[in-house]
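Colleague: One structure follows; several queries about it will come next.
The values are calculated or read from the model by the stated rules, or taken from the named source; none is laboratory data. Keep in mind it's a predicted model, so treat the numbers as computed, not measured. Cβ atoms come from the backbone with ideal geometry, glycine included; neighbour counts cover every protein chain shown. All accessible areas refer to the heavy atoms of the entire protein, side chains included, with ligands and DNA or RNA removed. Shrake-Rupley method; radii C 1.70, N 1.55, O 1.52, S 1.80 Å.
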Amino acid sequence: MIPIDLLTAIKARRSIHNFKSEEVERDILRDIFTYGSYAPSHYMKESWNIRLYEKNGKKAFVDAIIASYQRIGMLKADDDPKTQKMIASMQQFLLQIPHHALIYFPKEEDPIRYEEAYASVCAFIQNAQLAAWEYGVGMLWTITPYMHDDGFATEVGLDSETEKIAAVMQIGYPARIPRDKGRTPIVDKMAFVSE
Ligand SMILES: Cc1cc2nc3c(=O)[nH]c(=O)nc-3n(C[C@H](O)[C@H](O)[C@H](O)COP(=O)(O)O)c2cc1C
């Protein structure tokens, strides 16, 4: 592990879209998500849960994604060679990503508590992304339509009545690091109110 200053990591971290085939060791993944878990959470609820799909475990996960895309009409469900080609290329793309981390949390009835839970899970994700960067591990935070499909949740063994998917993190060692797109100067979005 090469130590990077926290402030440097905050600016240097990039969303990774291309991964090497090499897997990340389990101890490193545990460390990364341990750092994630030092995120703040209201009432110390620590609402985050992680399920990591890797090796052969990715197959059923990817099948559930494709079935969901077919259910919600983003992919056709026929034997047309064009459809089959599209499915095969989606499978290939998703299976070559070393790890997929499904991040979910217990649903809260109260909308305010729900927001608090989701906010803390997002803090957890960003902490984990920064820790990962320090270990040389890349992540892509994804929110895709299948996460809102109850059928998908059921297929991966979650209870959509009581559990909410927050994100799926694609994880692996970066094959390519995208350029820094920079940020809008914060002064454009910042006001001091002193009276
Ligand atoms: C809540 C959330 C959802 C995102 N979903 C996606 C996604 O589905 N696909 C994707 O390519 N990037 C996704 N991103 C990554 C952003 O595109 C990325 O953070 C942004 O372009 C800035 O790039 P950087 O992270 O490299 O600085 C998501 C980011 C966040 C915070």
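Colleague: May I ask you to list pairs of residues, at least six apart or on different chains, whose Cβ atoms are under 7 Å apart, with the first in region 53-65 being touching a residue at least 60 places away in the same chain (Cβ under 8 Å) and the second being in a strand (DSSP E or B)?
Modeller: Hits for this filter: 61/53; 61/100.
Colleague: Which members of region 18-37 meet the condition of being outside any helix (DSSP H, G or I), closer than 16 Å to residue 101 by Cβ and within 16 Å of the ligand (Cβ to nearest atom)?
Modeller: The one that is outside any helix (DSSP H, G or I), closer than 16 Å to residue 101 by Cβ and within 16 Å of the ligand (Cβ to nearest atom): 19.
Colleague: Let me ask you something else. Name the pairs: first residue in region 76-95 and without any contact (Cβ under 8 Å) to a residue 60 or more places away in the chain and under 21 Å from residue 54 (Cβ atoms), second residue part of a helix (DSSP H, G or I) and open to solvent by 80 Å² or more (accessible area, probe 1.4 Å), Cβ to Cβ under 8 Å, at least 6 apart or on different chains?
Modeller: What qualifies is 95/59.
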